[in-house]
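The structure appears below as structure tokens.
FYI, it's all coordinate maths here, none of it is from the lab. Predicted model, so just to flag it, every value in this text is computed and none were measured. Note: ideal-geometry Cβ built from the backbone for every residue, glycine included; neighbour counts use all protein chains shown.
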Amino acid sequence: MLLAETTPYAFTWNLVADVREMWSFPFMVNAFRAGAIVAVVAGAVGWFMVLRRQTFAGHTLSVVAFPGAALATLIGVSTAVGYLGACLLAAVVIAGLRESGRSGVAVESAATGTVQAFALACGFLFVTLYKGMLGGPQALLFGTFLGITTGQVALLTVVGAVVLTLLAAFGRPLLFASSDREVAAARGVPVRALGAGFLLLLGAATAEASQITGSLLVFALLVVPAATAQVLTARPVLGLALTVLLGLAACWLGLIAAFYQPYPLGFFVTTFAFAGYVLAQLTRAVRGAVGRVALPTGATS
Amino acid sequence: MTAQPIEQAAVPAPAHAGAPVLQLTGAAVRVGGRTLWSGVDLTIGAGEFTAVLGPNGVGKSTLLKTLLGAAPTAAGEIRAPGRTEIGYLPQRRTFDAGVRIRGIDVVRLGLDGHRWGLPVPFLNRARRRAERRRIDEAIESTGATGYAHRPIGECSGGEQQRLLLAQALVTRPRLLLLDEPLDSLDLPNQSAVAALLGRICREDGVAVVMVAHDVNPILHHLDRVVYLAEGRAVTGPPREVITSETLTRLYGAPVEVLRTTDGRLVVVGMPDECRSGGPCC
Ligand SMILES: Nc1ncnc2c1ncn2[C@@H]1O[C@H](COP(=O)(O)OP(=O)(O)OP(=O)(O)O)[C@@H](O)[C@H]1O
Ligand SMILES: [Mg+2]
């Protein structure tokens with residue numbers, strides 16, 4: 001499954017030439033396009049997810065993405081459709097669980113864990129049933145940049161555009177409901193409906209990210225950039241912008257590295273994202289040692 | 001058993017002195033199949049400061065939620081302003097250290113958090129500047145300027161409380177519903193915030209309804225006290241309600257109100273939970 005085994009291209013540090021070389025392959029152009037869309041969508045949705053502390057819901061959705069894609073492969077449908085169908089369905093289920101829950105806060109229940117385990121098992125079954133799957137379940141679990149078709153890019157674009165439009169439309173009330181539920185409800189913000197709607201967006205974003213990172217490494221694009229941005233700043237708009245940029249950087253750098261090195265894409269994307277997070281924490285620690293004065297969350301505005 | 005619809009009074013901000021901002025007639029509330037209180041009558045006009053007192057669990061917070069329209073009444077009638085005209089501060093709300101949102105953002109959400117869509121940059125400049133000024137004013141009035149730009153999770157409980165008070169004030173509401181706003185403030189800040197609320201009440205004609213456990217910091221700003229106990233309420237000026245006779249009648253057990261030389265009220269011999277509360281109510 002590794003491209004470098006078949007294409008002995010070497011990274012030259014002449015970035016223009018390197019990029020031109022990569023983009024001479026249509027599948028690489030598609031991979032970069034898909035990566036950009038996915039990084040932006042997953043970053044923006046992930047920022048809200050981290051703020052709302054719904055990482056567990058995100059994790060559940062990403063695990064459910066695997067059997068969805070495996071089933072899609074088995075019955076001969078595009079994996080993108082499989083990811084999307086499974087994630088949206090799971091989002092509806094989780095939203096339903098939440099609604100029936102008492103205060104609608106955490107869904108960290110044994111039931112969700114049980115469903116997760118069953119979902120993974122189903123995915124394994126589907127993969128086993130489909131003997132001819134290229135490279136086994138690895139691509140579905142840990143991501144690949146091979147074989148992203150123009151049709152898939154189009155689907156990613158449409159879904160991504162819908163997600164971002166909705167997020168722009170109800171982002172501010174969502175921020176209010178996420179940070180200050182009771183007062184938001186008192187001001188007439190429909191906090192429950194927003195919570196359910198957000199889970200659907202999270203499902204769509206998870207499905208998109210699965211396309212690049214595989215279902216198990218979705219957090220590289222969904223959580224890590226947002227967590228990094230929230231370490232660096234407490235300003236909502238700046239934080240969102242930073243999240244998207246960090247996700248984009250990790251994704252594209254990962255693609256470049258995976259093109260030239262014989263190691264998998266998911267590993268590189270995760271590593272770049274993680275390196276950013278470690279750097280951010282170090283920066284904060286150093287700043288904290290130097291003094292509170294320079295915090296970017298401080299004085300200026 | 002049907003909930004009374006809350007009248008969405010469309011009265012413009014400067015309420016005329018005559019019309020009451022808030023009216024409760026024979027109101028009763030049931031929570032979980034249990035009647036918390038019933039037969040509560042209350043009329044509050046613009047610029048009046050009302051305290052809601054009573055022991056733990058008697059339904060003070062529920063009263064505020066009822067006035068807000070967030071909890072239904074089991075009987076009686078409520079007339080209250082619409083939600084956009086009410087500033088609300090719920091009880092004991094803290095942001096833990098992980099919350100990476102600045103205090104000023106929390107205050108701003110109080111002003112525009114319910115609006116859909118994104119603010120378009122370079123559009124409506126004047127309005128945005130006015131909003132910005134309002135936010136700064138609200139933060140300054142509660143003395144929270146020094147830490148408004150820090151992540152709110154890193155602020156102390158009292159600092160958070162003042163930022164949240166600024167959030168409740170930022171819309172310049174006609175009615176302020178405050179649930180133990182002096183909770184977790186030190187004594188100088190309790191009197192500072194009490195003085196601020198008194199000033200907002202008098203100068204801007206805002207009706208303030210405030211739940212408190214210690215009436216003393218707000219005593220000389222108060223127009224009216226609602227004392228909830230034993231499923232009933234006594235309403236009136238503080239000097240009439242917080243007396244040995246009234247409270248004894250309300251509780252049906254001997255309660256004594258002492259007045260210290262500096263004018264503070266101390267309630268002693270109260271039955272049930274509230275005994276531990278020091279200078280409670
Ligand atoms: N959602 C609910 N479901 C069931 N019971 C409730 C609910 N909310 C409040 N109660 C009950 O209603 C009673 C009144 O609650 P409330 O919060 O109004 O008390 P309070 O007077 O504000 O008390 P405190 O001084 O402790 O804040 C309590 O006994 C509480 O257990
Ligand atoms: Mg209460």
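Can you tell which of A:Ala65, B:Ala74, A:Ala110 lies farthest toward the positive end of the dipole of the protein assembly as shown, using +1 and -1 charges on the Cβ of basic and acidic side chains (Lys, Arg; Asp, Glu)?
The Cα lying farthest towards the positive end belongs to A:Ala65.
According to the square roots a ≥ b ≥ c of the eigenvalues of the Cα gyration tensor, what is the shape class of the stretch A:109-213, taking rounded for a/c under 1.5, prolate for a/b larger than b/c otherwise, and oblate for the remainder? Intermediate values should be presented prior to the final figure.
Values: a/c = 4.02, a/b = 1.72, b/c = 2.34.
It comes out oblate by the Cα gyration axes.
Figure the gain on full extension for A:Glu182 and A:Thr150 (residue separation times 0.36 nm, minus the Cα-Cα span) and round it to one decimal in nm. Let's see the in-between values first.
Details: separation 32, 0.36 × 32 = 11.52 nm, distance 4.51 nm.
Going from the current span to full extension adds 7.0 nm.
Would you order B:Trp37, A:Trp23, A:Trp47 from fewest to most other beta-carbon atoms within 10 Å of each residue's own beta-carbon? Please report the intermediate quantities before stating the final value.
Details: B:Trp37 24, A:Trp23 12, A:Trp47 28.
By the 10 Å Cβ count, ascending, the order reads A:Trp23, B:Trp37, A:Trp47.
Shielding by partners for B:145-155, please: the mean number of other protein chain Cβ atoms within 10 Å of each residue's Cβ. Mind showing how you got there, number by number?
Values: counts 0, 0, 1, 1, 9, 5, 6, 3, 1, 4, 0.
Partner Cβ neighbours, averaged per residue: 3.
Looking only at other chains, what is the average number of their beta-carbon atoms within 10 angstrom of each beta-carbon in A:166-178? If you can, show how the numbers build up before the last one.
Values: counts 0, 1, 3, 3, 2, 3, 10, 7, 1, 6, 9, 3, 3.
What the average comes to for A:166-178 is 4.
Using just the helices of chain A, give the 222 nm mean residue ellipticity in deg cm²/dmol: DSSP H runs with n ≥ 4 each add -39,500 (n - 2.57), and the total is spread over all residues, rounded to 500. Could the numbers behind the result be given before it?
Numbers: 13 runs with 225 residues, N = 301.
Calculated from helices alone, the mean residue ellipticity at 222 nm is -25000 deg cm²/dmol.
To the nearest 0.05, how large is the calculated FRET efficiency for B:Ser156 and A:Thr157 if R₀ is 51 Å and r is the Cβ-Cβ distance?
On the way: r = 47 Å, r/R0 = 0.92.
That gives a FRET efficiency of 0.60.
Of A:Ala273, A:Gly76, A:Gly143, which is farthest on the positive side of the dipole of the stretch A:3-300, counting Cα position, with +1 on Lys and Arg Cβ, -1 on Asp and Glu Cβ, and the Cα centre as origin?
A:Ala273
What residues qualify as long-range amide H neighbours of B:Val211, i.e. H under 5 Å apart, gap of 5 or more or another chain, H built at 1.01 Å from N?
Correct list: B:Val52, B:Leu178, B:Asp179, B:Glu180.
Tell me, what is the percent relative contact order of the stretch A:3-300, built from C-alpha pairs under 8 Å that lie six or more residues apart? Provide the component values of the computation, followed by the final result.
Working: 428 pairs, mean separation 88.2, N = 298.
Taking the mean separation of contacting Cα pairs over the length of the stretch A:3-300, I get 30 percent.
Note down the Stokes-Einstein diffusion coefficient of the stretch B:142-213 in µm²/s, whole number, using a Kirkwood radius over alpha carbon pairs, 25 °C, and 0.890 mPa s.
Stokes-Einstein gives a translational diffusion coefficient of 195 µm²/s.
Would you tell me the mean number of C-beta atoms belonging to other protein chains that fall within 10 Å of each C-beta in B:112-119, as a whole number? Please list the in-between numbers first.
Numbers: counts 3, 12, 11, 4, 7, 6, 6, 2.
Across B:112-119, the average partner-chain Cβ count within 10 Å equals 6.
Which stretch or stretches of the stretch A:60-100 have amide N atoms under 13 Å from the point lying 7 Å from A:Leu125's Cα along the Cα→Cβ direction?
Once the point is set 7 Å along Cα→Cβ of A:Leu125, A:67-68, A:71 turn out to lie under 13 Å by backbone N, inside the stretch A:60-100.
Would you mind putting A:149-158, A:50-59 in packing order, based on average other-beta-carbon counts within 10 Å, highest first? Numbers along the way, then the final one.
Working: A:149-158: 16.0, A:50-59: 20.7.
By packing density, highest mean first, the sequence is A:50-59, A:149-158.
Give me the percent relative contact order of chain B, please, defined on Cα pairs under 8 angstrom at least 6 residues apart.
Details: 555 pairs, mean separation 66.4, N = 281.
Over chain B, the number comes to 24 percent.
Could you line up B:Glu137, A:Glu208 from fewest to most neighbouring Cβ atoms inside 10 Å? Show your work: numbers first, answer last.
Details: B:Glu137 13, A:Glu208 31.
With the sparsest Cβ surroundings first, the list reads B:Glu137, A:Glu208.
If the chain between A:Val77 and A:Ala168 were fully stretched, how many nm would it gain, using 0.36 nm times the residue separation less the Cα-Cα distance?
Working: separation 91, 0.36 × 91 = 32.76 nm, distance 3.12 nm.
So the extension gain works out to 29.6 nm.
By average Cβ neighbour count within 10 Å, what is the ranking of B:171-184, B:122-135, B:100-113 from highest down?
Working: B:171-184: 21.6, B:122-135: 11.9, B:100-113: 24.4.
Top of the packing list down: B:100-113, B:171-184, B:122-135.
Considering just Cα atoms, how many Å³ per residue does the convex hull of the stretch A:3-300 enclose?
Numbers: hull volume 43.2 nm³, N = 298.
Convex hull volume per residue, Cα atoms: 145 Å³.
Whole-Hz Karplus ³J(HN,Hα) for the stretch A:62-71, in order, using 6.51 cos²θ - 1.76 cosθ + 1.60 and θ = phi - 60°, x for Gly and Pro?
Running phi through 6.51 cos²θ - 1.76 cosθ + 1.60 with θ = phi - 60° gives 5, 5, 5, 4, 4, x, x, 5, 5, 5 Hz.
Run the simple label-point estimate for B:Arg92 and B:Glu140 please: 7 Å along Cα→C-beta, distance reported in nm.
Computed distance between label sites B:Arg92 and B:Glu140 equals 3.5 nm.
Please state the Cα pair-distance histogram of the protein assembly as shown with 10 angstrom bins from zero: what percent is in each bin?
The percentages, shortest bin first, are 3, 15, 22, 20, 16, 12, 7, 4, 1, 0.
Subtracting the Cα-Cα distance from 0.36 nm times the residue separation, let me have the gained length for A:Thr114 to A:Val286 in nm, one decimal. It would help to have the intermediate numbers written out before the result.
On the way: separation 172, 0.36 × 172 = 61.92 nm, distance 4.23 nm.
Full-extension gain reported as 57.7 nm.
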